[in-house]
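The values are calculated or read from the model by the stated rules, or taken from the named source; none is laboratory data. Owing to the predicted nature of the structure, the values given are computational and were not obtained by experimental measurement. Cβ: placed from backbone, ideal geometry, glycine included. Neighbour counts: every protein chain shown.
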Amino acid sequence: MDKIIKLGGIIVAGTILFGSMPFALYAYNTSVTTNNATYITPTSVTLNGFVSGGNFTPNASTNAWFEYGTDISLGSSTFMNASSFYYGQSGNYSANIFGLTPNTTYYFRAIAQNTQSRVYGNISSFTTKLSGAGNVDSDANSALLAATTEPATFVEGRSVHLNSLVRNNTNYPSNTYFEWGTNTNLSNKTTVVQTGAFVAIKHADLLTGLSPSTTYYFRAVIENSFGKSTGSILNFVTSAEIIKNSTEKNASGSTTLNNKENTADTEKSLGSSLGASLGANVLNSGSFLPVNIFGWLLLIILTLVLVLLGQHLYSKFTEKKEEKHL
């Protein structure tokens, strides 16, 4: 009878741990997003990021910071413990950088780390102002121009929607387009679109003929005869496997320009759809083997439960067999 009580207690404890542990890990899986840089001057900038979900372990923190540099290898970083988030907490954070070189393009990304893993945001970019100038172009007629690169959407294996928000100088004709490529040199250019008389315009462009499983970089551009403004360089990665779909996706909005080079679009890859339906793996690496002490503890308890249950059933079987012989 004592063995049965102990066995029952172990089973109950194992069930509680098995039921609660994965749920907690899923609930507080951490991700980080790199947001656009703000307050850009000739020698300083404010970098911005967003952390979603803090540390799984109570009373333990998720630290967030930035890496930055004059090329995509980065090389410099802000203080690692400048921003902290606790036990499932989400929020924005920022860091001020000083001592930059005027009229220079810098690259940066957001980073978050806790006791489980380190995660990275996309690499973004900004260009410091000309020394002594308040705008990207010193000419008054181009000073009203401003381009903001927004994240790509509908990312497929061979196509993507590029997005931007541009501010227009309505007194002079302006054009907007995207520069893009497989590296930050951005050797390609989308079709130029006239901005018309709108003060602020959301511009979307469909790129097709891309290569699957490839990283692409892009940025928004608006220009007139006096100068131009460029947005930050963002990136996206095309999916690995695609299924053709002839359904056309239409953008809406009274001041939205939607220039499509090809009306064919694609569905999400089977692999990425399956991944989205299952969610991020609770053990971080895509494997269901434990990677922390809690996972191994749970595995050991479940193994002990199975061993004790097997021993108990075997002893009952042998006792009945001996009674028959008697």
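Residues in segment 205-237 that are under 16 Å from Tyr172 (Cβ atoms), of a type outside the set (Val, Ile, Thr) and part of a strand (DSSP E or B): Glu223, Asn224, Gly227, Lys228, Ser229. Consider segment 221-232 and keep the residues that are over 16 Å from Tyr107 (Cα atoms) and not charged (D, E, K, R). The one that is modelled with the highest pLDDT is Val221.
Residue-wise test of (1) buried (at least 17 other Cβ atoms within 10 Å of the Cβ); (2) modelled with pLDDT of 85 or more; (3) over 28 Å from Thr238 (Cα atoms).
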{"residue": "Asp139", "(1), (2), (3)": "no, no, yes"}
{"residue": "Leu144", "(1), (2), (3)": "yes, no, yes"}
{"residue": "Ala147", "(1), (2), (3)": "yes, yes, no"}
{"residue": "Thr153", "(1), (2), (3)": "no, yes, no"}
{"residue": "Glu156", "(1), (2), (3)": "yes, yes, no"}
{"residue": "Ser159", "(1), (2), (3)": "yes, yes, no"}
{"residue": "Leu162", "(1), (2), (3)": "yes, yes, no"}
{"residue": "Val166", "(1), (2), (3)": "yes, yes, no"}
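The number of residues in segment 162-211 that are within 15 Å of Thr230 (Cβ to Cβ) and aromatic (Phe, Trp, Tyr) comes to 3. With respect to (1) among the aliphatic types (A, V, I, L, M); (2) under 25 Å from Thr238 (Cβ atoms); (3) in a loop (DSSP other than H, G, I, E, B), the lone exception for Leu100 is condition (2). So how many residues does segment 168-183 have that are crowded, with 18+ Cβ neighbours inside 10 Å and in contact (Cβ under 8 Å) with a residue 40 or more places away in the chain? Of the residues in that region, 7 qualify.
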